[in-house]
Each structure stands twice: as C-alpha cells, then as structure tokens.
Number of protein chains: 2
Amino acid sequence: MTQFKFSKRVPADGTDAVGAILKAAADPQIISFAGGLPAPELFPVKEMKAAVDKVFATHGQEAMQYGAAKGVTALRELIQHHVKEKENVDAELDNVLVTTGSEQVLDLVGKAFVNPGDTVLVEQPTYLCALDVFKTYGANFAGVEMDEQGMKMDALEEALKSRPNTKLVYTVPNFQNPTGRTMALDRRQKLAELAAKYDVYVLEDNPYGEIRFAGQHVPAVKSFDKTGHVFYMSTFSKTLAPGFRLGWLVADADVVNKLTVLKQSADLHTDNLVQYAVAQFFADNDVDAHVREISDLYGKRKQLMADGIKQYFPAGVKYTDPEGGMFLWVEVPGVDDTVELFKECLKHNVAFVPGDPFFAGKPQPGAFRLNYSNAPEDKIKAGMKQLGEALQDAVAGK
Amino acid sequence: MTQFKFSKRVPADGTDAVGAILKAAADPQIISFAGGLPAPELFPVKEMKAAVDKVFATHGQEAMQYGAAKGVTALRELIQHHVKEKENVDAELDNVLVTTGSEQVLDLVGKAFVNPGDTVLVEQPTYLCALDVFKTYGANFAGVEMDEQGMKMDALEEALKSRPNTKLVYTVPNFQNPTGRTMALDRRQKLAELAAKYDVYVLEDNPYGEIRFAGQHVPAVKSFDKTGHVFYMSTFSKTLAPGFRLGWLVADADVVNKLTVLKQSADLHTDNLVQYAVAQFFADNDVDAHVREISDLYGKRKQLMADGIKQYFPAGVKYTDPEGGMFLWVEVPGVDDTVELFKECLKHNVAFVPGDPFFAGKPQPGAFRLNYSNAPEDKIKAGMKQLGEALQDAVAGK
C-alpha cells in the first residue's frame, strides 16, 4: 500500500474529535443536541423552487455559464443593502465578495493574512472550525477570556500588548458558537478602536445575528470601524439554506480584491444558480417575516431546553441564556473529563458536543454545547430528561 | 489609508496578466478568441430546470440542508460509474470526492501535498491557473517538453532524476489547455509507471476528454495506475454547466479522506442543489447525445478556425490540429514579444491569450492560444481574417 507523503498542513490521523462525536451521535436511538443544523421544516422549499424557476426563465444561460469571481452583481447589491439595513454598515459594491459559504471567508482570510507563526486571538471558547482553518495556515492561537457580555476588552488589550505578532482577532459577537453569548455595545466600539490602535484585523463572523428572539439588536463591530481594520462576514445558511453554501465578506476594497484573486485559485467563483436564486427569492418574498418565524421557533425551543435544565439537571449547573441563535452552553461543576461525560450520556441515549475542542488553550472541564434549533419539541423534552439523569448519575459518581 | 499586511501567499499587485488581457478583450468591438467559455446556446436550460424542479419536489429539504463533505451519494455513485464507463477507471464510492469545480481539486491537492520548495512538474506550456494555485502553496516548477504526442516521457524521467524533491506531475492529457494536444497511449502507460517508480503523484486533469470530434478515445492515465500514484480529476463544466461549479476527484481512499478534511475547512461541502440536480439530469436525459452535439459544434468551429489560419495567416505559421476540446495553439515565427503582438491585434479588434503565462519556465515567443468553442461561425470567419491581417502587418514589421 502506498504511503502518501502529505504536506505539513494536513491534520494527523485521529485528530477529528468532533467528527467522531457527530458520528456517535448519529445513531437513530440517540437524541442528539450535538449538531448545528437549522430546522429543515422551515426551509422555504416552495418559494425557493419558484425563485429558481424564474431564474431559469430569465437568466438560464447566465446561471449555467462561468461567472465573476466576486459574485453575481444582483446578489452583491442585495448584500450591500442588507448590511446597511441590518447592521448599519456602509458598503460600496467594491466592498462585497460572495463566497462559497462563510466557511470560505475563514479560509480566504487565513490564506491572505496568516503567515506561519502569526498569532490569531480568539474568544475562549470559540467556533472550532475557525481554529481548524487557521491551523492549516500555521497560526498560533491565544484565547481571550469572555464573560456574559462577550470577549473582555481588558484581556484583549493585554493579549495584544504581550503578543506583538498578532495578525487577527476572530469574534462571533452575536449568540456566539458555542456559548450563545452576545458582545455588549461598548465592547464592540472598543474592539474596533483596539484593532486600529494595534494595527490588527478583526474578523467579525455574524451567522446568527438575525435569529434574535429576545432583547435588542446590537450593531455590528464593523459599524464602528473607521480604518478598514474590521472584516465583516455572514451567510444565508441560518436564514435560508445552508445547503446552498452562500456566504459573504464586507471589507475594504483592497482586501476584497486580494481575496478575489485567492478565491479564483480556490473555486473560480461560487455556484451562479443559487446566487441568482437567492437574489430572486429576496425580490419575491418577505424575508423578514420568514426570519421572524425561524426566530420564534428557536426561541420556544431554547425555552424548553432551559426549562429542562432547571427541572432535571443537578444543582450547581450553570448555563447561558441566549437571546438568539442556535446554541447554549452548560457548565457542570465537579466534572474532570468532559469526553468521559459524553460517553456516559451516550449510554443514556443523549448527545452534546463536549467543550474541549472549542478551546484554543486549556479547556474548561465539564462544559458542553447544546443545540436547540434542530430538535422538535418532544425530543427536547425527552432528551433533557435523559440528559439530566445522565448528569445526576455522573455527578453522583456512578 | 490602511496598508494591509498580507501573507506571503498573496500575489503581488499587477501580476494578474491574464486578467488584464481578458479585460481588454471584453470590449464589445473586439472579436475575442481569448476566453475559455463553452457555447452557452447549447446549455440544456429547459432540461436542467425540469431536473431542479424534480429535486425540489423529492429532496427539497435535503438540497437546502447541510450535507456531507464528500458530496451527495447519488452524484458520487454517478461519477463512480461514469469514470468506469468513459475511462475504464475502477473506483469504489470511497474513491470519489465531489468538489466546487475542478479548480478546487487543484487547490486541495496543492494544499495537501505541496510543501514550500517542493517541485511540481508541468507540461511546457500548461494550464496557467494550475501554476497560480500551486504557487500559493510555495511550489517550484519545472516545465517538461511536449511534442504533438503530449509530454515527452524521456524528458520527464530526466526531470524526475534531476529533481528528487518532485512531489507532483500535473498533466492535461486530452486536448490540452492551451495546446489542444493529446497524450499518446504508450506515454500514458509510461507516465503511470514513472510515478510509481519515482514515488511521485500524477494529477491527471481531464476537463475536455469527452468533447472529442475526431480520432479515437485514449484511456486515462489513471486506468494504468496500479499503485494509487495517479489522481484523476474532471468536471461537469464543459459538458453541462460551468456556472454550477461541480468537479470531482477519483483517487486512493486515503487521499480522498485527507482532502475531505481540508475541504471541510475550505467550504464545508459543495452546493447540494446542483449536486442533486445533475444526478437527476443524468437520470432523465441522454447525456451522451448532448455531449455529441457539443462535440459536433466545436468540431465545426475548430475547422473554420483552421481554415482561417490557412487562408489568412503569414507563411510559416505553425498551429496544432486538436481532435477535441476548446483550444488550438499558434506559433508565429519571428515574433519576439507576444504581448506586443497582442496589443497590435487589439488595434485590429481581435484578441487571443499570449502564450507567456502558460509557461513555467522561459516562454516561447510568438505563441498564443485561440479558443473556438465560444464564438459563433460568423465571428470566427471575420475574426480570423482580422487576425490574419494583424499578423501579416506584425510579421512585415509595420
């Protein structure tokens, strides 16, 4: 058998802990809160079919032909207006790049900015796929402490001072993955200021911001950016269709142009059909009403999950109370090994993602992520009872 | 203005020569043979709309939900059977990875195999985007001489001996971009043997193979591979719809698995809608007949172009006579600066891509690429006359 000589960028075998967890959780007997999928029953299948039909009727050849690396103009204009309306971000068309999912923004920003050995500062804990991406470009990481108001700005400034080779600060300011926390307004303003002061870039990742079911909207970090140091990214994955792989970047034109060159080398451009389709869908539908429907459902599911925690979990367990998004974060005191805890819970036919892979540095024992968007109400009720029993057993040392 | 600190991977400003050429050629007054687009009038718009409608009716939620990184199973099975039927390549499902266009195969193979300083051997000349991609991963290049039978195997073995840090041999064996040449059968067999002997990998890129309008099919290099050293890639871009960005890799399962991990970090997975749609399109349509229609049209256009060369070009001009694909290659003796020649031709309102960017090493002066797939017959006739006049002027030293 050929032993392939892979590059240094390829992760070693057996390091895909999350893959193994999701695989274990995929057993149909198990009630899984491990994934991060939207509720498919709310996908606007009929309306999207109508939009695609219209695209074939009006732009069939264009949708099937090679297109521009930056994306279909109609969709870029839509994004330009969308970020102004939703986030008070001023953008010209030159500031907008359409990407193959927001995952591709992570990849292109990593490729364009991270030299091997550069430091990337991340929330502690953070979105684990961002760690995976930046790692392939040779990043070093340092975690920045969070509280209920998001990343702590004094801790961030300390990190920036002590790590002069910092290139990037990565944040998910709204309903963060994995904690569900939202960054406070004054910290957003401060974050934009610190980026300019220390000449580092903020990558503001906002996939969940529109899915708010409580509290008040907080404007984007990018809306406070006066120097171009903040790069804003989002996606249609949580509001329309993750399967279409449509994300975007809003940044300084110089950054957009350089990332466009790298995007050409990555996949030439993003599928034109879904770009035209989403632009058409926005023209023909009340997308705000659709997003409210999603938010309402997720709000109900979040509440059911929080109720289950209160009813069934051992005393002393802490958990976040998100105002939107898809995840909440649980901390069980007295647990040393969260992966062992995960295995115990599997025996009770219920699953989550252990907190460890979300940490750039030392993980916090006993912490895990729960997803509430993808499970119907009866599964949440039953699953939280099972999870509570498993945790009671674990804490009792059984 | 912020001076952004890009990584070493980002190409310097002003190095996108081809971008500048295509931009100049986009002037509607100019008859352009510069691009590389399929004929859009043959896109099966109506049939693809029907396929997409069926997908929404039967798999709407799956098409809109997150999917598997390796691709939709129905499409992977289709590719598995397709490579067996068309290229006599034996593949299990584990050997098939769906990618966001075949461009993404180049990117993932570069990322997974090329350490900075590794050598990539390429045909002289070669597909210029492959050079761009491998460059971002720090590759060094060496060009291997070609003749009308494709890459010369004695020259390749010399290169393999003299460059022990060679990791990859990149080839487009059928109707090569830019020359239109096809590699002879015995050389394909030899190429697979040399890869195993020197423990290097062959990336066999076959976007054009099915578009044959003359001569006999030659089986893939991969069909001679006994050791897993050959990676085979292709795409639906030339037969169905480049705008959908659907390509694939067939390789050893170990390679597919590692590239899948990197693909997850690049874009999670490829758009599900077009994956389901293409699988449905194949189930409902006679794709072979559609591909014959494309081949017939391109054969006619190639002949018109060859006739124009004979009729209008200066004596002594050499050109290839491809049996398929989209390009032919012209060599004008006595020309020192092909980019100057390009500018002269622009003044005659006709455009091509100068040969220089297709060369890893020293370019061949006076060589350029002509595309015949994308221009209607009257444009080819008129354009070849104009091009002939421009070349006559240039050769006469006007």
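No lab work stands behind these numbers, since they all come straight from the coordinates. Just so you know, these numbers come straight off a predicted model, no measurement behind them. Here the Cβ is made from the backbone with ideal geometry for all residues, glycine too, and neighbour counts use every protein chain on show.
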Charge context of residue B:5, other residues only, Cβ under 9 angstrom, K/R +1, D/E -1: 0
Residue-wise HN-Hα coupling along segment B:86-97, computed from phi with Karplus coefficients 6.51, -1.76, 1.60 (Hz; x: Gly, Pro): 8, 10, 6, 9, 7, 9, 8, 4, 5, 8, 10, 10
Sequence-distant aspartates and glutamates (8 or more away, or on other chains) whose Cα lies within less than 17 Å of residue B:381: B:307, B:389
Whole-Hz couplings from phi, Karplus 6.51/-1.76/1.60, listed for segment B:13-28; x for Gly and Pro: 4, x, 9, 8, 4, 5, x, 5, 5, 5, 5, 4, 6, 7, 3, x
Derived scalar couplings ³J(HN,Hα) [segment B:264-273; Karplus, 6.51 cos²θ - 1.76 cosθ + 1.60; whole Hz; x for Gly, Pro]: 4, 6, 8, 7, 6, 6, 7, 2, 5, 4
For residue B:10, residues with placed amide H under 5 Å, excluding near neighbours: none
Per-copy distances of the residue A:303 label point, shortest first, in nm (7 angstrom along Cα→Cβ): 7.4
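I need the peptides B:139-151, B:2-14, A:114-126, A:228-240 ranked by packing, meaning the mean over residues of other C-beta atoms within 10 angstrom, with the highest value on top. Please list the in-between numbers first.
Working: B:139-151: 18.7, B:2-14: 13.2, A:114-126: 22.2, A:228-240: 24.7.
By packing density, highest mean first, the sequence is A:228-240, A:114-126, B:139-151, B:2-14.
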Neighbourhood net charge (11 Å Cβ-Cβ; Lys/Arg +1, Asp/Glu -1) for residue B:365: -4
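Could you sort the peptides A:247-258, A:67-78 by per-residue average Cβ neighbour count (10 Å cutoff), highest mean leading? Walk me through the intermediate numbers first.
On the way: A:247-258: 22.2, A:67-78: 20.2.
Ranking the peptides A:247-258, A:67-78 by packing returns A:247-258, A:67-78.
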Net charge, residue B:189 excluded, C-beta distance under 12 Å - Lys, Arg +1, Asp, Glu -1: +2
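Kirkwood Rh, Cα Rg: Rg to Rh for segment B:166-240?
Details: Rg = 12.2 Å, Rh = 12.7 Å.
Here the Rg-to-Rh quotient is 0.97.
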Under-5 Å amide H pairs with residue B:89, H placed in peptide plane, nonlocal only: B:84
Inter-chain Cβ neighbour average for residues B:313-325, partner chain, 10 Å: 0
Cα radius of gyration and Dmax for chain A (Å): 21.2, 65
Residues with amide H under 5 Å from that of residue B:181, placed H, sequence gap 5 or more: B:176
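What order do you get for B:177-189, B:213-225 when each peptide is scored by the mean count of other beta carbon atoms within 10 Å, highest first?
On the way: B:177-189: 21.6, B:213-225: 18.4.
Per-residue mean Cβ counts within 10 Å order the peptides as B:177-189, B:213-225.
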Chain A, helix-only ellipticity at 222 nm - DSSP H runs n ≥ 4, -39,500 (n - 2.57), divided by all residues, nearest 500: -14000 deg cm²/dmol
Antiparallel %, DSSP beta bridges [both residues in segment A:66-284], to 5: 40 percent
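Taking N as the number of residues in segment A:66-284, what is its alpha-carbon radius of gyration divided by 2.2 N^0.38 Å?
On the way: Rg = 16.3 Å, N = 219, 2.2 N^0.38 = 17.1 Å.
Rounded to two decimals, the normalised Rg is 0.96.
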Distance cut-off 16 Å, percentage of C-alpha pairs in segment B:62-155 lying past it: 67 percent
